[in-house]
Every structure is written in C-alpha cells, then in structure tokens.
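Note sheet for the following structure.
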Amino acid sequence: MTLARSTFDYRKLLGVFLMVASVGFNKWSVQALVASDGQIESELFTYMIIGIQILLGTVGLFFLKLGRQRLWLGLILLGFVLYVWTGTRQPTESFEHFFLIYLPRSFYLNLLLSMAALLAYVFITRTDRRRDIAQNVALSVATFGFVALLIELPALTGFIDYRQVFIPKGVGLTGPHNRIYKPGGFFHRPANDQYSEVRPGDSVLTLGAQTNRLYEADYTYDQNGFRNSTPIANPDLLLVGDSFIEGYKVGQDVTVTEQIMASSDYTAISLAQSDYSLYHGLSAMLHYLEGYSPKVVVWFLFEGNDLPYFPISHEKFVSRSSASAEPARFSQRSFFGSLSSSLASWSSLAARNLQQDNYARTQSGNFPDAAWSEETAMYFDYGPPERAEARLPYLKDLLVQGDALVRENGGTLLVAHIPMKIDVYRDLLAFPDDSVVQDWVPLELATTLQTWADENGVNYMDLTPALQQAAADGTLVYFLDDAHWTPEGHQVVAHTVIDHLTTKGWLD
C-alpha cells in the first residue's frame, strides 16, 4: 500500500539511470576502441558508439520528463551533429580530402547524419503533422533516389565512365584516358594517344604558391602507349623512368629521349610513365625488353620517390597489382564517385590558397640578386624521403634484378641518378628566415649507391654534378614552381648521357 500511494515517479529514476549509462558507455567504449598507439581503430564503431550514446541519453531524457523537451532534444541533437563533424576532422597535406579536412566518405556520412538529426527533430516535435511530414520525407527521398538512379544508370550498365568527364586527360592523373593497367604489373597510356594540356606548376597545387605561370605541352604516344614520336624497332637506347623522362610539362621535341636523338647518332625509345616506381619499371622491361633488344638500357632513379616503400618481391608486387588491370568497377565509373574526386582536388587547392600567406614561403628560396617574391621564388614541394637507409636493401635488390635481366638480353644497364631540386640549388639560393628548406639534411644517396654499384659491377651515373654546374652557370634546369626539369634541364641530362656513353664506348 505504501509503495502504491507513493508520489515518487520511478520513471525519473530510470531516466537518471539511462543518462548515467550514456556517459559510462561512452567512457568504456572509447577505452575499448583506442589502440595501443592512441588511434581509434574503427571509424564505423565510432559512429555506432555515438549513436548508442545519444539513444540512451535521449530515452533517459524523455523518462525524466524535463520541461521544454523540444529545447533539450534540439540541444542534444545539435551537440551530436557538432561532435560528429568535429570528431571526424582529418587535416592532412594529401589531395584525397574533401572540403579541406574530411575524407569523402566521412563528409557524405556526416552530411547524411546531420540531415537525419534534423528530420528526427522535426518529426518528433511536430505531433500534429507527423503523417504529412513522413509522407513528404518519403516522397523527397524517393525522388532523389530516382534521379540518382537515372544519372548512374549509364555507368551501371557500362555505357559511360564518368571519369571521362570529371578527370581530364593529363600526365599523372588516373582517369580512363590516361592509364591502361596490365596484368604484368605496369601501366601505359592508350595506343597512339594524343592530347594537349595547360596547367600551372605543381607548387601551386601542393603549396598554394601564387604564380601566374602556365605550362602548355602536346603529348603524342606510340603504339605501346609510351611518349615516343617515331616507332623504332631496335633502338640503341631504351630509357626507363617516371615523369622526368616522360617529359612532365615540356613539349614533345625537348624530352630527354628526343634530345638524345637530335644531338647524336643514337636512336632511343622511352618506356617512361608518370608515377612509375622501380617495380613498374622492372615490369615494363620484363614485358618489352626482348622485343626492342636495345644495346643499352638507361634506368633513371629519382631519389625523391623511387625508394621502395615496402619489403616485397617484384613477383608479389605484380600479383598485388593485377587487380588494377581488371575492368573498372561501378564505384570507379559512377557519377557521384567521380564528382567527389574532382571536388576533392579543388578543395585541396582551396586549402592551399587559404594558407598560402605562410605555407608556400616556408618551402621556398630566392636567388641572392633578387628579393623574395611569389613570382621569382623557387619552391620545393617536398623534402628528402623518410627512412631512406631502411629502404636501401629493397632498392639494391631491384637494381640487381634489372641488371641481370638486361645482361640476359645481351645489353648493358646504366642506372642514372636523378637528384631532387634542393640538392642542385641548395648552395645557389638564399632562404627566408621561416623557411624549412634550409634545415633539410642532404640524403647523399648517390654517393652510397655509387660505392655499392662499383663493388657489385653495376654501371651507375650520378646526374647531380652536371645539373649543379649548369645551374651555377645560370641555366634554369628545374622549374621555379615545379619539381621537374625545364627544357634546358632535359638538354643537360641528354648531353650528359651521350657523353657518358661515348666515353664508355658501349655503342661503338
């Protein structure tokens, strides 16, 4: 009888319990999800935890029957939305992020959760029109879904690949116009492809540098999808490399390959593609070497990004890369996926422009006879690679494999070392006080590899002295706002290769 007559509302006690459980669940779940290195292990579980916590808190709030429930519910949902957007921020220097600080998947998921919270608030608080609201919401979702299906239907059936619209042709990009992946672990351009491009220096995109220069170039590819003007059956030289040798931002007639033929009696063919690693280069040689049968293979090694990042064999790399040669999936061809990638690039550029006041300047230098300015400064997009010493064994192993392959084919391999821009211009520039470039420690990879090559019978040539001498004489061998060679830089490298081959007499 006493319990029945009591005025105490036990539902409020249950509400307090649920509110306490909400806080306690959050603390336990965070402890359970944080890995040993302090990072959250799963983004999906993070969202689930937030959802469960907000559910417990909301139910507890209703049991408490506090006044102005609409206000409290609105504050809870607003806090939830702000917590999600704040908790998924991932600022980075990469191009893969959307609207400055969010991965595309996180951005779209946050957007959906925010809309769901808003609709939930409207649906719960508008008691007199719930049925109408539910019908309008259902109709809006159905309409959007129908329109999205119409847009995606051509990609779903394979009739259209929307990357052709959102990802234009261009060296270094991954749209369908640009790369054909082969099961052998490498890629090339479409056969006999031709196009022109006009783009700024990479420092404009990566650092937010404010320059007005644009670089225009025509690109012509041979029947194998490599940048060669004329097909040659049995060339004297086969040049293997990445964007430096393909000729990033320079015309067809000034690439190293073309200038070697213009300045000597040697014939040359390029097997170079932007973003080629040494693994890709070795795969391309395995595929084409016997067909070309060159006398000399010049394998260009760029110290900036050619050091292998992973300790795997070339065979395992080929097997891992085989999936890239499969037909594009719907997720790659889709409208919204391609649009997201395009917007991500633009948002990255916007981020650079927002912070350009200091960021670009900190990775720049200027010639002592001219004061620093955005137009005359020389920019350095990235510094020496990390953990270079630990990655050297894998690099050496790939070079040994390449040397053995060329020897088996009756030719001679020459490994040519491409230095980073800072190694050529370090002693020729003055740096602003806030510049980080002056603190970069020289990698000295060329000296280490030269000693190793002499001990192991591998022919090795360092291009650094020739480029340094040309730069000291006043020749601009690297673009001011890009990490690649100017036409004059290509000419210096071509003459250096010719002089080395002449001295060795390999082509006599």
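Using only the Cα atoms, work out Rg/Rh for region 350-432, with Rh taken as the Kirkwood radius, to two decimals.
On the Cα set of region 350-432, Rg over Rh gives 1.19.
If you take every residue apart from Pro176 with its C-beta less than 14 Å away from the C-beta of Pro176, what net charge results, scoring Lys and Arg +1 and Asp and Glu -1?
+3
For Leu139 and Leu78, what does the FRET efficiency come to when R0 = 35 Å and r is the distance between their Cβ atoms, rounded to the nearest 0.05?
FRET efficiency, Leu139 to Leu78: 0.85.
Which FRET efficiency value, to the nearest 0.05, is calculated for Phe159 and Arg407 with the Förster distance at 45 angstrom and r the Cβ-Cβ distance?
0.40
Compute the Cα gyration tensor for region 228-381, then decide on rounded, prolate or oblate, letting a ≥ b ≥ c be the square roots of its eigenvalues: rounded whenever a/c is under 1.5, prolate when a/b is larger than b/c in the other cases, and oblate in all that remain.
Oblate, since a/c reaches 1.5 and b/c is not below a/b.
Given a cut-off of 31 Å, name the pairs among Lys169/Lys295; Lys182/Lys396; Lys182/Lys504; Lys169/Lys504 whose C-alpha atoms lie farther apart than that in the structure shown.
Lys169/Lys295; Lys182/Lys504; Lys169/Lys504
Report the gain in length on full extension from Leu55 to Ala262: 0.36 nm times residue separation, minus Cα-Cα distance, nm rounded to one decimal.
So the extension gain works out to 67.2 nm.
Excluding residues on the same chain fewer than 8 positions from Lys316, give the aspartates and glutamates whose Cα lies under 15 Å from its Cα.
Asp397
Explain nothing, just the number: dipole magnitude of region 378-417 about its Cα centre with +1 on each Lys and Arg Cβ and -1 on each Asp and Glu Cβ, in debye rounded to the nearest 20.
60
Modelled label-to-label distance, Ser331 and Phe367, 7 Å Cα→beta-carbon offset: nm?
Output for this residue pair reads 5.0 nm.
Suppose R0 equals 30 Å. What FRET efficiency, 1/(1 + (r/R0)^6) with r the Cβ-Cβ distance, do Gln194 and Thr475 give to the nearest 0.05?
0.50
Each reported figure results from applying straightforward, stated rules to the coordinates on display, with no laboratory input. Since this is a predicted model, take the numbers as computed values, not measurements. Neighbour counts run over all protein chains shown; Cβ positions are idealised from the backbone, glycine included.
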